[in-house]
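Worksheet: one structure, shown below.
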Amino acid sequence: MSYLIYVADDEKNIRQLIQSFLEDEGFMVRLFETGDALLCEFEETPADLVILDVMMPGTDGFSICSSIRKKSDVPIILLTARGTDADYVTGFTLGCDDYFAKPFSPIKLTMRVKAIFKRISKEKEKTTNEKLNFGDIVLYPMQKTAYCKNEELKLTNTEYSLLSYLIENKDKAISREELLNVIWGYDSFVETRVTDDTIKRLRKKILTHNSNVSIETVWGFGFKLSLKD
């Protein structure tokens, strides 16, 4: 299967560099100078993955990410020239799947894209009708939906995958390295805050529903599910 990827960046050399690396791996790539142009095309023909620069003429990448996320759980990777804490928080809060600060390695970006599609493929293979549950949280793999006390948890694709894996391994602590490998597809430890930021978002959504489920941090190692007293 040949996946379709949309790339929006106002710098022509960056767009073409990303296109070159992705097409070498067999992906179909469409380039856009602005996020507005990408969004317009996405509404007509949805892509399988979106790569967005944050700072572009017209509507910024954060807003485009938010608009796409309201209608689709397509994987979204953000690119930024700043890489500040505020940008990380904003990007992950809006539901992006990963975040690259410029200058970035096109090889690592390509590896990340391949890892996302590999994860999606594996999830489709293991999907069953059997529901997963822990405490007052229930997941339905076929529909890829999650509920807490019969109210739907609005989760992104990555958040769902992370929560699903934690429930599947509810009897043990899971290391950050294992989560990066299984959920994000990194084969070795890399400098990324994506795991912790996704956990924070997941915790906030669970807390909003007053769940009896807690995601504990195992300091220096990773995370583990537990039930509140």
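Quick note: the coordinates plus some simple rules give every number you see, no bench work behind them. This structure is a prediction, so every number in the text was calculated from the model and none was measured. Note: ideal-geometry Cβ built from the backbone for every residue, glycine included; neighbour counts use all protein chains shown.
Things worth noting here:
- Ordering of 133-140, 47-54, 221-228, 94-101 by burial proxy (mean other Cβ atoms within 10 Å per residue, highest first): 47-54, 94-101, 133-140, 221-228
- For N212, the amide hydrogen comes within under 5 Å of the amide hydrogens of D136, counting only partners 5 or more places away or on other chains and with H modelled in the peptide plane.
- Most mobile listed residue (E152, E177, E130) in the chain, GNM with C-alpha springs under 10 Å: E130
- Within the shell of other residues whose beta carbon sits under 12 angstrom from the beta carbon of T110, the net charge comes to 0, with Lys and Arg scored +1 and Asp and Glu -1.
- Residue-wise HN-Hα couplings along segment 177-183, as the Karplus relation 6.51 cos²θ - 1.76 cosθ + 1.60 with θ = phi - 60° gives them from phi, are 4, 5, 5, 4, 6, 6, 8 Hz; Gly and Pro carry x.
- From phi via Karplus (6.51, -1.76, 1.60), per-residue ³J(HN,Hα) for segment 221-229 in Hz, x at Gly/Pro: 9, x, 9, 8, 7, 8, 9, 6, 5
- The slack in the chain from K149 to F221, taken as 0.36 nm per residue of separation less the alpha-carbon distance, amounts to 22.9 nm.
- Loop sites in segment 5-82: trypsin sites (Lys or Arg not before Pro), DSSP, at most 13 other Cβ within 10 Å: R82
- Antiparallel bridge percentage (DSSP; both residues within the chain; nearest 5): 50
- Residue of I107, I183, I206 that the Gaussian network model of the chain assigns the largest fluctuation, springs spanning Cα pairs under 10 Å: I107
- Pairs of Lys in segment 4-122 closer than 21 Å at Cα, counting only those 8 or more apart or on different chains: 6
- Approximating the spin labels as points 7 Å out from Cα along Cα→Cβ, the A173-to-D60 distance works out to 3.8 nm.
- Residues whose amide H comes within less than 5 Å of that of S72, counting only those at least five positions distant or on another chain, are absent (H built at 1.01 Å from N in the peptide plane).
- For segment 138-152, Karplus couplings with θ = phi - 60° (6.51, -1.76, 1.60), whole Hz, Gly/Pro x: 10, 10, 10, x, 4, 8, 6, 10, 9, 10, 10, 6, 6, 10, 5
- A Cβ-based charge dipole, computed about the Cα centre of the chain with Lys and Arg at +1 and Asp and Glu at -1, lands at about 680 debye.
- Compared with the dominant Cα axis of the chain, that is its longest principal axis, helix 35-44 is turned about 70°.
- Under-5 Å amide H pairs with L153, H placed in peptide plane, nonlocal only: A146, Y147, C148
- Stretched out straight at 0.36 nm per residue, the stretch from K70 to R30 would grow longer than its current Cα-Cα span by 12.2 nm.
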